[in-house]
Structure formats: C-alpha cells, structure tokens
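Before any comments, here is the structure.
The values are calculated or read from the model by the stated rules, or taken from the named source; none is laboratory data. If you're wondering where the values come from, they're calculated on a predicted model, not measured in any experiment. Methodologically, a virtual Cβ is constructed for each residue, glycine included, from the backbone with ideal geometry; neighbour enumeration extends over all protein chains shown.
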Amino acid sequence: MRVLLRPILAGAALAACVRAAPMAAQAPDLRAEVTAGSEAERYLRVLQVAGKAPLYPWGVRGFSAAEVDRLMPADTVEHPWAARAGIAAGDSNRVQSLRSRADLVYNSAFPQGTNDGAVWAGRGVTASASSGFRWRSEGLSIRFEPMVTWAQNASFRLVPNGQADSLRFRNPRSPGNLDYPQRFGDGAFAGLYPGESTIRADVEGVAVGFSTASQQWGPGADQPLLLGTNAAGFPHVYVGTTSPWSVGIGRVHGRVMWASLAESRWSPMEEGHGSRRYASGINVEFLPWGLDGLELGVARFYHQAWRYGGLVVSDLQRPLEAFFRNSLAHPDEYGVNQLASAYFRWTLPQGGAEVYGEFAREDHNFDLLDLFMEPDRSSGYMLGGRKVWGTGRRLTSLRMEWVNTQPSHLDQGSNQAPNLYGHIDRKQGHTYRGQLLGSIAGYGGGGSIVALDSYTPRGRLSVDWTRTRLRSPRRVGGENYDVQVSHALGAEAVAFRGRMDLVARLRGTLEMNRFPGEDVFNLSAALGVRAGL
C-alpha cells in the first residue's frame, strides 16, 4: 500500500504548489480525457481515419497534452463531438479539474473484463471510481487521477489446476509460470491505485517523465500483443521524443522506459526469491517520407528480477542490447526475458480506412540463421482494420481484429512456450498485479473481434462480437481438457446529458467446454457515469 500511496502523496504536494492558480470551470472536455485506451482516444482515432484530424503516429501511447493538441481537428472541422472539443491547453498555470467517473459491473457466472485497467471484475458486483486534476505550464505538465476499486468477488466453480488450498486460485493452464489467477482469493477486496497520473517535462524536443498511467504500444485497438490496458498502469520513468524527429528519409518517434512491476498474492514466484521485478523497454516508430499515413515500428520489453543492492548500468541499457543471443555479453543470463514485436499501420483518410498488424515473439533468436529458419518459434501475430464513413454529424466505424498465438508447427519437433506471456524463469510472466499486460486473446491462443460503432452529437452506440480461444489439448490434475472457446455478443451506449455522460453495457458470453463437456453462460452488465463537479 505504501508503494501505491507515494505517487498520490507526491501529487497532493504538487497540487499544493499550484493551488493559487485559477481553477477552470468544469465542462465536458475531450482533450482532458485522452488517455491510453480511453473513450476520447478511440474517438480521435476514428476522426483521423475519417480525415477529420491530422495524421499522427499511433504506436506510442499515451499521448501528452501537447500531442493531443496536435491530434485535435481544427475548429472549423465539423464532427459529431465538436461541442466537446474543449479548450486548447496552451495557456499557462491553469488548473483543470477532471470529470469524476464511477462504474458498476455485474457478472452472473464467472469473472469477465478486458481493457479495464486496474479493475478486476469478478463474479458479482465490482465498483470503481476516479477523479483528479491536470495542470500545464511552459514545458511542464501534471496529471493526477487516482482510482479506487472494490470487488464482491463472489464464489464460483473453479477450473481445477491440480493444486489445493489458496493455490487453487492460480491460473488453471499455467499455475507454475504465470501470475494470472482465475480468482483473487475467496472474499471481497478493495484497491487504491495512483491511476492515470503523470509528471512530464518537455525540453528541446525531448520528453522526460514519471508516470503510473497506462501505455499502449503498437497499432492494436482492442488486442495489442505487447502492451495494452488490461492491467493497471505501472510506475515507470521514461525518456522520448515530444513529436516525430526528422531524419532525412523520414521521421522517427519513440520512447525508452524503466519500470517496477509487482505481483499478486497468488504468484508462482515465492516471496523474496525474485518476486520484485524490474522492467525496461523501447518502442520506436519510423514514418517514411512520401508515404503519408504509414507507420513502421519495433518494440522490446524486458522482465528481470530486481537486483539485490540495486540496479547497475547494464540494466538501464537493457533495451538497447544486441538483438541476437549469440551477441550478448552473457547469453545465458538467468531470469532475463525479452518480448519483442514489429508492427505497421497505414492510415488512408482519403478512403476512410486503416489497416495494421503486429508480429511478436517471446525471447531472442540465437543468430541470424535461427531467425531465418525459425522466425515463428514462440510467436504470434495480430491483423486489424477499420472503415469509417458518414457525414460531419454522424460517423460510423466498422473495426476488426484477429489474433493468433497458437504454437506453430515447430512444436511437433521441439517444445515451445505454452503461451506468449509465460516464462520458465520469470514465473510471473507478462503480468502486473495478476493481470495480463498484453491481450487476453494473445494469452489464450487467439481470438477475433468485429465491432460497429456509431458516433452522433448525442453520444455513441456500439455492438460487437468477440471470440476467444484457449490452446488445446492441455492436461491438468489427471484430467484432459479439450479446446475451450468463448463467444460474446455485446452492446454499449454512451449518452451525453449536459456535463454528464451515462454509459450502459450488456454482454452475453457462452464459454464452451469450460469444464469437460460443459458450457457456462455469463451475463455481464455495466453502468457508468462521468460528471463534472
């Protein structure tokens, strides 16, 4: 709890420093609500594809306040939410209170939730709330938006994982090498998080910051392979470009970050034996001249145990180390794991469309020959696209994504990792506090989503179909479990009422073969409100 409270106390001190500044009147402000994976960010992406907002690289998120200014349509451009475009954040020493948000989620049969950050929606009722402020001056910006959550976490029939007592709550597929519990204990629990909070300085084209806000790397809207919003944002320090830099044949944009990762109470890693992790990563995009709207990116994310006595220089340089294992100074270094991806996105506003994709793999290739012969070992890919059409008062978006992370044919001759996010040494896997840092479909072996979104001045209406698949076969506790697939059909509405947004969602999910030969249906309902005080 002390680790979580430190950023909150720091934010309170910063609030005291600027308390003499005038407080802006609260009004719905699209600019103020753009965070990674947020409603506002998704809307700006639709505007960009529709040709109503400037082209800007999308693979390095979250965006700064200055980047959001660049993403916004010009005042003369007509679009559905133009009345909520907000005021440009260029004026200095302006404290702006953020709209408070409260949400309730109900699951009838088993836990279900995705891309909801710190929230873990168990069976029964789950509640969350957040609020805060932001402030900006020349070269410095502050955002402080803590979140509190509470989960009823009602009991339900667990999938056997071959373990007893509290260990039965661990992941059913990979209880020994993935901190991804199927239930967070046997009772209600609450959590306090620093949330979407950031302190950032921009100087001469370079951004430096400390943040606990969510990040989303790559082009994926719903199912990013490397880093998304399935888990809470983790504390990290970063250095990057404030906007794309010109390099003659194009422009580059990117970020390097160093972070601390925590585990849940049900982690396979024993306390005091590498339970605290250090993470580092780099995400760089290239935008070639002459091909407007094309983004090419590469990213690396490292996990390792936090060194006794503190980090050393080589740990800080980890994201920049050699690509092939045979070129490393210590190729067999224990407990260090890399996930890497290459991705592209091509936005064609003249046609109201975008296409994108990502290829990711777990761990290094040994050398160039190994890369050419077996590029698909312990790997996966995501493909997606979107089409937007409509007038200035109404925009309709059809989006689709498909993920495949099933072990390839190489598994017939030699073992591969059971999933993209597990690891034999770093037993927590690619997680933070018991939730996946990447896509749920990426963990399970694959999935797809088809969604239709309609934007009008009165809000948004969406319908979607989602399919998620688990790898088969798997043998746990002496019983054999075949393919497990879930199909979900959902609808969500956002209604604008003055300074208030009302959100309602209903989703039915049929999880096929959750138990041998037995299907389970879950009804999920959610209500939310965003309001200015």
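Considering only residues of the stretch 228-265 that are of a type in the set (Ser, Thr, Tyr) and in contact with a Lys or Arg (Cβ under 6 Å, 6 or more places away or on another chain), which is nearest to HIS430 (Cα to Cα)?
SER264
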Q: Within the stretch 73-92, identify whether any single residue is polar (S, T, N, Q), touching a residue at least 40 places away in the same chain (Cβ under 8 Å) and over 27 Å from GLN223 (Cα atoms), and answer yes or no.
A: yes
**Q.** Pair list, Cβ under 8 Å, 6 or more apart: the stretch 513-531 residue more than 30 Å from ARG99 (Cα to Cα), other residue loosely packed, with under 15 Cβ neighbours inside 10 Å and β-branched (Val, Ile, Thr)
**A.** ASN513/VAL483
Q | Identity of the residue in the stretch 513-533, in contact with a Ser or Thr (Cβ under 8 Å, 6 or more places away or on another chain) and loosely packed, with under 15 Cβ neighbours inside 10 Å, that ends up nearest to GLY86 (Cα to Cα) | A | LEU533
Q: Working only within the stretch 356-400, note down all residues that are touching a His at 6+ places or on another chain (Cβ under 9 Å) and farther than 24 Å from HIS303 by Cα.
A: GLY392, ARG393, LEU395
Q | Filter result (within 21 Å of the chain's Cα centre (by Cα) and aliphatic (A, V, I, L, M)) within the stretch 375-397 | A | MET382, LEU383
**Q.** Subset of the stretch 161-197 that is without any contact (Cβ under 8 Å) to a residue 60 or more places away in the chain and buried (at least 19 other Cβ atoms within 10 Å of the Cβ) - its residue that is nearest to ALA232 (Cα to Cα)
**A.** ASN171
Q: Take SER100 and decide whether it is part of a strand (DSSP E or B), closer than 30 Å to ASP464 by Cα, touching an Asp or Glu at 6+ places or on another chain (Cβ under 8 Å) and among the polar types (S, T, N, Q).
A: no
Q) Since LEU287 meets every condition but one in (1) touching a Pro at 6+ places or on another chain (Cβ under 8 Å); (2) outside any strand (DSSP E or B), which condition does it not meet? A) (2)
Q | Residue in the stretch 199-211 that is buried (at least 19 other Cβ atoms within 10 Å of the Cβ), part of a loop (DSSP other than H, G, I, E, B), out of contact with any helix residue (DSSP H, G or I) (no Cβ under 6 Å at 6 or more places or on another chain) and not acidic (Asp, Glu) present | A | no
Q: With respect to ASP103, determine if the residue is surrounded by 19 or more Cβ atoms within 10 Å (Cβ to Cβ), in contact with a Ser or Thr (Cβ under 7 Å, 6 or more places away or on another chain) and of a type outside the set (A, V, I, L, M).
A: yes
Q) Which of the residues spanning the stretch 212-233 are closer than 21 Å to ALA32 by Cα and part of a loop (DSSP other than H, G, I, E, B)? A) THR212, ALA213, SER214, GLN215, ALA221, GLY228, THR229, ALA232, GLY233
Q: Those residues that are in a strand (DSSP E or B), in contact with a Pro (Cβ under 6 Å, 6 or more places away or on another chain) and crowded, with 20+ Cβ neighbours inside 10 Å, I need them from the stretch 244-281; list them, please.
A: HIS253, SER280, GLY281
Q.
For the structure I just gave you, tell me whether ALA109 is at pLDDT below 90 and either aliphatic (A, V, I, L, M) or part of a loop (DSSP other than H, G, I, E, B) (or both).
A. no
(Q) For the structure I just gave you, tell me whether TRP150 is within 28 Å of SER38 (Cβ to Cβ), at pLDDT 95 or above and not aliphatic (A, V, I, L, M). (A) yes
Q: Would you confirm whether any residue within the stretch 58-76 is in contact with a strand residue (DSSP E or B) (Cβ under 7 Å, 6 or more places away or on another chain) and of a type in the set (Ser, Thr, Tyr)?
A: yes
**Q.** Output for the stretch 54-81, where each listed residue is over 23 Å from the mean Cα position of the chain (by Cα) and surrounded by 17 or more Cβ atoms within 10 Å (Cβ to Cβ)
**A.** PRO73, HIS79, PRO80, TRP81
(Q) Can you report the number of residues in the stretch 108-163 which are charged (D, E, K, R) and farther than 24 Å from THR466 by Cα? (A) 5
**Q.** Test: residue in the stretch 37-45 that is out of contact with any Phe, Trp or Tyr (no Cβ under 9 Å at 6 or more places or on another chain), at pLDDT below 90 and more than 24 Å from LEU296 (Cα to Cα)
**A.** no
